[in-house]
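Presented below is the structure to which this report refers.
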Amino acid sequence: MRDKTLCVKHPKVSHEGFASLAVPTYRASTIVFDSAESYANRSKRGPDGYTYGLHGTPTSRTLEASITALEQGERTVLVPSGQAAITIVFLSVLMPGDSVLIPDSAYPPVAGFCENFLKPRGISYRIYDPMVGAGIADLIDDTVKLIWTESPGSTTMEVQDIPAIVAAAKARGVLTGCDNTWATPLYFKPLAMGMDFSSMALTKYVGGHSDLLMGSIAIKDLELHRKLKDTMRMIGMGPSPDDCALALRGMETMGVRLAHSGRVALEIAKLIASRVAPGLVLHPSLPTSPGHEFWNRDFHGASGVFSVIIPPHAEAALPDHLTAAKTFSIGASWGGTHSLLAPMTITRSTDGSAHKGTILRISIGLEDEADLWADLLPIIESIEADPGLLAQTA
Ligand SMILES: *Cc1c(COP(=O)(O)O)cnc(C)c1O
């Protein structure tokens, strides 16, 4: 071979005796075949085979297999964001004329996708009260093909009665899915409770370091897996192997990060609840938090994200307190090593009991608890400042 060819064709080196604990990052667009015949037959390799980098490399397959094991599923599909994990499910199972039920507490861009993308294409949606439970049966008509859940809900933290929703859906042959980002499969396993899809924003706790975007969809049914993979192939969507490697690294420490953040978050939530009206603190392991009994029954733990309702008298002071915070940063997304505060404005489509107005979402990271409390104290004091409030909200 001549020099310019040698620049391109790397010599094969021995892998013998090399064993690393790290998962190698296999980058590929092209996958090469050892014969013209195997190339011609590449589609026979099926959704689990390697045919093109977009559809998977050993790095993405390792991440898929880890999530599949944790979620107690049969397969996992990886997508480039948590939002895509939701939209790819919807796009794979809904056809014009069909409809989907989504909870009022869903990650807000889900309703945006339904209103602005699905509806103009003839797929309708209905927003339901996340605390509806078995009452979901009354909302299922012949057009409903999917019931989406998110438990606990974004910011308002309602824990849903998943077994009751699964039972109602199964009775009518309707598919169900759960956004499992908050609990992760360490603390909740939607597939084991009969859900068809369990999605996660790996962006949050699995990545764990606020530096990657990815989503996952775990399934038990191989036919649903094939449908999801078909959608991904047709849309031309696949995860980056480098991001998969980061997610694999993040997942190795997820257990201890969640245990730590969960413990500190609960301590802080209890401390706040002891100083303001307890109903203002939205943390599933507090008895006053909506759906606490379902969390108690179905979950194995709580992660490090919870919320505090900011009553109207404390709203004006909040921006200055947030800006003054030294340890917390202000920002969306959560689940990383850095603690975050995000003031959220809550609106509702159903007449459920959730607070409408400002709710402060708190994501606890890995910093020292005393530093975190120092940032929160002025906010708590501003809530305490109204003596009439305890009586109103108790
Ligand atoms: C952040 C989040 C998502 C979206 O994840 P991205 O990777 O940011 O698209 C979806 N669901 C929940 C519950 C989330 O918190």
Exercise. Failed condition for residue 85, given (1) over 27 Å from residue 293 (Cβ atoms); (2) hydrophobic (A, V, I, L, M, F, W, C); (3) in contact with a helix residue (DSSP H, G or I) (Cβ under 6 Å, 6 or more places away or on another chain), with all others met?
Worked result: (3)
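From the list 162, 136, 123, exactly one residue is within 16 Å of the ligand (Cβ to nearest atom) and modelled with pLDDT of 95 or more. Which is it? Break it down stepwise before answering.
Details: 136 fails: within 16 Å of the ligand (Cβ to nearest atom); 123 fails: within 16 Å of the ligand (Cβ to nearest atom).
Testing whether each residue is within 16 Å of the ligand (Cβ to nearest atom) and modelled with pLDDT of 95 or more leaves just 162.
Is it the case that residue 307 is within 16 Å of the ligand (Cβ to nearest atom), under 22 Å from residue 379 (Cβ atoms) and open to solvent by less than 60 Å² (accessible area, probe 1.4 Å)? Outline the logic, then answer.
Numbers: within 16 Å of the ligand (Cβ to nearest atom): yes; under 22 Å from residue 379 (Cβ atoms): yes; open to solvent by less than 60 Å² (accessible area, probe 1.4 Å): yes.
It is true that residue 307 is within 16 Å of the ligand (Cβ to nearest atom), under 22 Å from residue 379 (Cβ atoms) and open to solvent by less than 60 Å² (accessible area, probe 1.4 Å).
For segment 295-321, which positions are touching a residue at least 60 places away in the same chain (Cβ under 8 Å), in a strand (DSSP E or B) and out of contact with any Phe, Trp or Tyr (no Cβ under 9 Å at 6 or more places or on another chain)? Walk me through how you get there before you give the answer.
The first filter runs over segment 295-321 and keeps only residues touching a residue at least 60 places away in the same chain (Cβ under 8 Å), leaving 295, 298-308, 310-311, 313-314, 317-318, 321.
Narrowing further to those that are in a strand (DSSP E or B): 305-308.
Of everything in segment 295-321, those that are touching a residue at least 60 places away in the same chain (Cβ under 8 Å), in a strand (DSSP E or B) and out of contact with any Phe, Trp or Tyr (no Cβ under 9 Å at 6 or more places or on another chain) turn out to be 306, 307, 308.
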For this session: List the number of the failed condition for residue 361; all other conditions in (1) assigned to a loop (DSSP other than H, G, I, E, B); (2) under 25 Å from the mean Cα position of the chain (by Cα) hold.
Result: (1)
Exercise. Can you tell me which residues in segment 193-241 are away from the ligand (no atom under 14 Å from the Cβ) and assigned to a loop (DSSP other than H, G, I, E, B)?
Worked result: 194, 195, 196, 220, 221, 236, 238
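Among the strands (runs of 3 or more DSSP E) contained in segment 45-156, which hold 2 or more residues that are under 24 Å from residue 167 (Cα atoms) and open to solvent by 50 Å² or more (accessible area, probe 1.4 Å)? Break it down stepwise before answering.
Working: elements: 75-79, 99-103, 124-128, 144-150.
The strands (runs of 3 or more DSSP E) meeting that bar are 124-128.
Can you go through 271, 248 and tell me which one is in a helix (DSSP H, G or I) and open to solvent by 30 Å² or more (accessible area, probe 1.4 Å)? Spell out how you get there, then give the answer.
On the way: 248 fails: open to solvent by 30 Å² or more (accessible area, probe 1.4 Å).
Result of the check over 271, 248: 271.
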Exercise. Which residue pairs have Cβ atoms under 9 Å apart, sit 6 or more places apart or on different chains, and have a first residue in segment 326-338 that is without any contact (Cβ under 8 Å) to a residue 40 or more places away in the chain and under 14 Å from residue 203 (Cβ atoms) and a second that is open to solvent by 40 Å² or more (accessible area, probe 1.4 Å) and small (Gly, Ala, Ser)?
Worked result: 331/210
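Of everything in segment 23-44, what is of a type outside the set (Ser, Thr, Tyr), open to solvent by less than 100 Å² (accessible area, probe 1.4 Å) and free of Cβ contacts under 8 Å to residues at least 24 places away in the same chain? Give them in sequence order. Explain how you work it out, then say what you get.
Here is the first cut: in segment 23-44, the residues of a type outside the set (Ser, Thr, Tyr) are 23-24, 27-28, 31-34, 36-37, 40-42, 44.
Right, trim to open to solvent by less than 100 Å² (accessible area, probe 1.4 Å) and you get 23-24, 28, 31, 33, 36, 40-42.
Residues satisfying the conditions are 31, 33, 36, 40, 41, 42.
Could you tell me whether any residue of segment 21-41 is under 29 Å from residue 193 (Cα atoms), in the same structural domain as residue 152 (by TED's automatic domain parsing), away from the ligand (no atom under 16 Å from the Cβ) and out of contact with any Ser or Thr (no Cβ under 9 Å at 6 or more places or on another chain)?
Initial filter on segment 21-41 (under 29 Å from residue 193 (Cα atoms)): none.
Taking every residue of segment 21-41 in turn, none turns out to be under 29 Å from residue 193 (Cα atoms), in the same structural domain as residue 152 (by TED's automatic domain parsing), away from the ligand (no atom under 16 Å from the Cβ) and out of contact with any Ser or Thr (no Cβ under 9 Å at 6 or more places or on another chain).
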Exercise. With (1) touching a helix residue (DSSP H, G or I) at 6+ places or on another chain (Cβ under 6 Å); (2) open to solvent by 40 Å² or more (accessible area, probe 1.4 Å); (3) within 16 Å of the ligand (Cβ to nearest atom) as the list, and residue 321 as the residue in question, which single condition is left unmet?
Worked result: (3)
Seminar exercise, completed: Taking first residues from segment 168-194 that are within 23 Å of residue 140 (Cα to Cα) and second residues anywhere that are assigned to a strand (DSSP E or B) and modelled with pLDDT under 95, the pairs with Cβ under 8 Å that are 6 or more apart or on different chains are none
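A quick yes/no check of all residues on (1) open to solvent by less than 50 Å² (accessible area, probe 1.4 Å); (2) in a loop (DSSP other than H, G, I, E, B):
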{"residue": "326", "(1), (2)": "no, yes"}
{"residue": "335", "(1), (2)": "yes, yes"}
{"residue": "343", "(1), (2)": "no, no"}
{"residue": "353", "(1), (2)": "no, yes"}
{"residue": "371", "(1), (2)": "no, no"}
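The values are calculated or read from the model by the stated rules, or taken from the named source; none is laboratory data. Note that this is a predicted model, so its numbers are computed, not measured. Ideal geometry is used to build each Cβ from the backbone, glycine not excepted, and the neighbour counts take in all protein chains shown. All accessible areas refer to the heavy atoms of the entire protein, side chains included, with ligands and DNA or RNA removed. Shrake-Rupley method; radii C 1.70, N 1.55, O 1.52, S 1.80 Å.
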